[in-house]
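Down below is the structure, laid out as structure tokens.
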Amino acid sequence: MADERLNGQNPAEEMLDGEALTDAVIELCQNKAEEFHYLGYEHATWEDVWHCVNSRYAGKQEPPLHRIVNDILTLRVNGLMNYLTLSALKEAPLS
């Protein structure tokens, strides 16, 4: 089955186009959100994971793919919760 998916290519040689690459990154974020669900954080979404990771690159050049993947896979619950808390505080109106 894996040979069919790779069309005989070595996994290191498989090249993804824009849409397939986006789908692969979204799938990674979904897997990370599912991991957080297993840890009791039921409301974590893949969008939250992506926004948290993507916020690290604000104002910088687009990072290489391996860095994005590493940042998603190594994201910890406390990092996501800190990001979500700060985001909520930034959006709260000042009274």
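Laboratory data are not the source of any read-out in this text; all were calculated from the coordinates shown. No experiment lies behind these values; they were computed from the predicted model shown.
How high is the relative contact order of the stretch 20-91, in percent, counting Cα pairs under 8 Å that sit 6 or more residues apart? Before the final figure, lay out each step's value.
On the way: 40 pairs, mean separation 23.2, N = 72.
For the stretch 20-91, the relative contact order is 32 percent.
Which percent of the Cα-Cα distances in the stretch 20-91 go past 22 Å?
On the way: 482 of 2556 pairs.
Value for the stretch 20-91 (Cα pairs over 22 Å): 19 percent.
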